[in-house]
1. Just checking: which of the helices (runs of 4 or more DSSP H) contained wholly in segment 141-260 hold 1 or more residues that are in contact with a helix residue (DSSP H, G or I) (Cβ under 6 Å, 6 or more places away or on another chain) and more than 11 Å from the ligand (Cβ to nearest atom)?
2. Restricting attention to segment 10-32, and to residues there that are closer than 20 Å to Thr121 by Cβ and part of a helix (DSSP H, G or I), which single residue is farthest from the ligand (Cβ to nearest atom)?
3. State which residue pairs qualify: first residue closer than 26 Å to Cys34 by Cα and hydrophobic (A, V, I, L, M, F, W, C) and inside segment 86-106, second residue modelled with pLDDT of 95 or more and away from the ligand (no atom under 12 Å from the Cβ) in any location, beta carbons under 6 Å apart, and separation of 6 or more residues or different chains.
4. Looking for whichever is touching a Cys at 6+ places or on another chain (Cβ under 8 Å), within 11 Å of the ligand (Cβ to nearest atom) and not in a loop (DSSP other than H, G, I, E, B) here; the options are Ala117, Ala111, Ala72. Which one fits?
5. Could you figure out which of (1) under 29 Å from Glu149 (Cα atoms); (2) touching an Asp or Glu at 6+ places or on another chain (Cβ under 9 Å); (3) of a type in the set (D, E, K, R) isn't true of Arg209?
6. Tell me the residue from Met101, Met59 that is surrounded by 16 or more Cβ atoms within 10 Å (Cβ to Cβ), under 30 Å from Ala154 (Cα atoms), aliphatic (A, V, I, L, M) and within 15 Å of the ligand (Cβ to nearest atom), please.
7. Could you identify the single residue in Val7, Val35 that is touching a residue at least 40 places away in the same chain (Cβ under 8 Å), within 13 Å of the ligand (Cβ to nearest atom) and not hydroxyl-bearing (Ser, Thr, Tyr)?
Amino acid sequence: MKLDGKVAIVTGTSPNIGGGIAEGLAAEGAAVVCVDSRAENAADCAKSIASKGGRALAMTCDVTDDGQVAEAVEKTRKTLGRIDVLVNSAAFFNRKGVLDMPLNEWNQQLAVILGGAFLFTKHVARAMIDGGRKGSMINIISTAGHQGEPNNIAYCTGKSGLLNFTRSAAMELIGYGIRVNSITPTATDPAESLERGARWGRRAPDAARLQEAFKPFRSRVAMQKLPAPSDYARAAVFLASDDAAMITGIDLRVDAGAIAQYWAWDPGK
Ligand SMILES: NC(=O)c1ccc[n+]([C@@H]2O[C@H](COP(=O)([O-])OP(=O)(O)OC[C@H]3O[C@@H](n4cnc5c(N)ncnc54)[C@H](O)[C@@H]3O)[C@@H](O)[C@H]2O)c1
């Protein structure tokens with residue numbers, strides 16, 4: 001297994017992407033700390049990993065709170081002895097544009113996307129340096145961080161900021177042997193998160209309606225199919241593992257070709 005003996009912290013462990021990445025890291029042998037401000041998302045993710053024989057801890061923590069982040073990192077170190085991997089995935093969606101978004105909502109969204117990644121990176125980097133760990137950090141971006149999407153101003157800005165935060169932190173931490181990279185997901189096929197939600201005992205949403213809502217994304221993207229959380233998890237395992245020992249400061253796009261695609265080309269025609 002590629003991550004045997006390693007300890008990973010994953011933030012934002014809903015049944016969708018963060019939970020998928022957490023389960024993927026655990027399947028490769030990592031002990032995983034599932035961090036979420038919603039207690040059930042931390043607890044259900046940890047429970048699911050433990051049910052498959054993995055080692056996991058649940059931590060309810062608001063990534064925007066310096067004290068709570070420091071405590072989560074310290075508790076991880078005390079309980080599991082080390083920290084090798086950090087995945088910053090916590091975020092929330094609030095589709096508003098520059099004309100209508102109130103300042104407090106702009107601040108709150110950036111506080112989670114950028115502030116949360118900053119706080120976890122800072123506290124985990126200190127712990128890695130103290131423990132002499134040559135760790136790996138992974139920030140979750142979005143294709144919306146590479147392109148101008150109308151009426152999604154704080155999300156697009158935050159994700160774009162996180163791209164260069166990644167490069168900047170990578171350069172700052174390179175001397176300690178800590179690698180910092182990012183993964184860019186895009187519109188994600190809902191089937192796997194529905195299956196994970198069901199496994200975690202969540203109430204099932206209308207799957208057919210959800211799949212219907214994703215039709216335009218599927219038909220307009222170069223590959224004509226959408227990635228699943230497990231596709232992101234495999235990329236995270238790679239970046240977290242020693243296979244990526246010489247890789248830092250990159251963005252690994254797992255986006256079915258979305259960013260490479262020429263804007264006027266319609267792959268469905
Ligand atoms: N869903 C997509 O199609 C998509 C596409 C591209 C990128 N992404 C990115 O992937 C990541 C995961 O997305 P998702 O679809 O699984 O989202 P999600 O909403 O299902 O999960 C996000 C999790 O973050 C948690 N969270 C929010 N604020 C928090 C806070 N202050 N402290 C701690 N936890 C907090 C939420 O409780 C939730 O469990 C995000 O960074 C998102 O921007 C998602």
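1. Working: elements: 153-173, 191-199, 207-213, 215-220, 229-240.
The helices (runs of 4 or more DSSP H) meeting that bar are 153-173, 191-199, 207-213, 229-240.
2. Leu25
3. Leu86/Val124; Leu86/Met137
4. On the way: Ala117 fails: touching a Cys at 6+ places or on another chain (Cβ under 8 Å); Ala111 fails: touching a Cys at 6+ places or on another chain (Cβ under 8 Å).
Sole residue among the options that is touching a Cys at 6+ places or on another chain (Cβ under 8 Å), within 11 Å of the ligand (Cβ to nearest atom) and not in a loop (DSSP other than H, G, I, E, B): Ala72.
5. Of everything listed in (1) under 29 Å from Glu149 (Cα atoms); (2) touching an Asp or Glu at 6+ places or on another chain (Cβ under 9 Å); (3) of a type in the set (D, E, K, R), Arg209 misses just condition (2).
6. On the way: Met101 fails: within 15 Å of the ligand (Cβ to nearest atom).
Only one candidate qualifies: Met59.
7. Details: Val7 fails: within 13 Å of the ligand (Cβ to nearest atom).
Being touching a residue at least 40 places away in the same chain (Cβ under 8 Å), within 13 Å of the ligand (Cβ to nearest atom) and not hydroxyl-bearing (Ser, Thr, Tyr) holds for just one of Val7, Val35, which is Val35.
The values are calculated or read from the model by the stated rules, or taken from the named source; none is laboratory data. Bear in mind the structure is a predicted one, so any value in this text is a computation, not a measurement. Neighbour counts are summed over all protein chains in view; Cβ atoms, including those assigned to glycine, are modelled from backbone coordinates with ideal geometry.
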